[in-house]
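Encoded as structure tokens, the structure appears first; notes follow it.
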Amino acid sequence: MNRYTAAWMILFMTALATPLSPARAENIRLSTGEVLTVEILESTSDTIRIRHPVLGEITLARSAVEVLPPPVEAGAPASQQAEQDAIAAEAAAGAEAAQPVEVSAEPPPKEWKLQIVAGAGLTEGNSETRNLNSKFLAVRDVAKSTLTFDASYFYAEDSGEESDNRFSAGVRHDWKLDPSRWFFFAQGRYDHDEFQDWDDRVAVHGGAGYKLILPPPFSLAVRAGAGANREFGGAEDEWRPELLFGVEGAWEISTRQKLVFDSTIYPDLDESGEYRWISNAGWSLLMDEKMNLSLTVGLQYEYQSDVPSDREEDDLRVFAGLQLDF
């Protein structure tokens with residue numbers, strides 16, 4: 001401790017111990033806890049100006065100073081003591097109310113979660129190929145239900161000739177039966193594909209599901225139901241009843257990686273042994289946490305047992321792109 005610091009400490013301690021004339025002296029408490037006996041020269045809503053015999057005249061922020069009531073002299077009436085006690089209690093309550101209120105920084109959970117995926121590819125050499133893929137996903141998850149919209153588009157060219165042009169959009173509504181793991185669902189889907197023996201296809205289904213494993217980090221659910229599909233512009237332009245059996249899940253591999261998948265089979269009720277089978281899988285790696293931007297790789301596989309002889313029974317699409325969640 002140097003001599004200047006010691007001198008200031010002596011002055012400060014002297015200030016604490018030195019009273020003013022009893023007629024004009026008042027006690028104040030600073031926000032740091034020290035009590036001084038001073039003469040109040042001026043007091044406004046913002047500042048207070050005081051005079052101390054050692055420190056001199058000082059102007060302080062009004063919020064940093066509490067003016068204490070004068071001590072009750074011995075033999076004073078009980079009513080005066082009660083009044084002083086009420087003033088002290090009011091000052092304490094005001095100080096407590098002035099304390100900052102802690103507000104949780106955790107934002108309320110979003111009802112809607114949106115996702116956009118976009119990707120493109122190009123190869124040149126003995127053959128030239130170009131492809132585009134995009135996907136949109138919107139999920140509204142609330143206490144009693146989950147509503148999901150999705151749409152995707154795939155386009156490809158091979159040596160200048162169109163080789164793929166497909167659009168798909170669907171909606172599904174799950175009704176939760178909490179606290180049970182059971183739920184009911186209804187769903188619909190529209191497909192357009194220029195490389196099938198049909199132009200457009202519509203399918204509607206409903207049924208029940210069960211959550212086998214609850215997250216985190218892994219979730220798994222199964223579904224079973226029934227419905228029908230119709231292919232427009234094809235050889236069989238009529239409604240065909242079918243069953244539905246599906247499984248879906250997600251795995252949070254780490255804070256930055258996630259794997260999602262689903263697989264559904266649709267047995268035909270009109271023709272025994274015929275069925276459709278659709279599977280999807282996607283892996284994402286978070287690259288920018290602030291923007292919620294990820295690298296994603298996925299695949300889509302569809303098999304249909306009953307197709308014309310000049311058509312392939314299965315279609316496989318592998319794609320990669322950037323994924324934005326918000």
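The values are calculated or read from the model by the stated rules, or taken from the named source; none is laboratory data. Just so you know, these numbers come straight off a predicted model, no measurement behind them. Virtual Cβ from ideal backbone geometry, glycine too; neighbours counted across all protein chains shown.
Tabulated data
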{"item": "Wholly within the stretch 123-199, strands (runs of 3 or more DSSP E) carrying at least 3 residues that are closer than 30 Å to residue 239 by Cα, touching a strand residue (DSSP E or B) at 6+ places or on another chain (Cβ under 9 Å) and small (Gly, Ala, Ser)", "result": "145-158, 161-176"}
{"item": "Residue 47 at pLDDT 80 or above and touching a Lys or Arg at 6+ places or on another chain (Cβ under 6 Å)", "result": "yes"}
{"item": "The lone exception for residue 192 - which of (1) over 32 Å from the mean Cα position of the chain (by Cα); (2) at pLDDT below 95 it fails", "result": "(2)"}
{"item": "Selection within the stretch 49-66 - part of a strand (DSSP E or B), loosely packed, with under 15 Cβ neighbours inside 10 Å, in contact (Cβ under 8 Å) with a residue 12 or more places away in the chain and among the β-branched types (Val, Ile, Thr)", "result": "59"}
{"item": "Qualifying residue in the stretch 165-175 (condition: more than 20 Å from residue 227 (Cα to Cα), hydrophobic (A, V, I, L, M, F, W, C) and surrounded by 13 or more Cβ atoms within 10 Å (Cβ to Cβ))", "result": "yes"}
{"item": "Scan of the stretch 267-306 for residues that are of a type in the set (Gly, Ala, Ser) and either crowded, with 18+ Cβ neighbours inside 10 Å or on the phi > 0 side of the Ramachandran plot (or both), ordered by number", "result": "273, 282, 284, 294, 298"}
{"item": "Condition broken by residue 231, with the remaining ones in (1) of a type in the set (Asp, Glu); (2) within 29 Å of residue 324 (Cα to Cα); (3) in contact with a Phe, Trp or Tyr (Cβ under 9 Å, 6 or more places away or on another chain); (4) surrounded by 15 or more Cβ atoms within 10 Å (Cβ to Cβ) satisfied", "result": "(2)"}
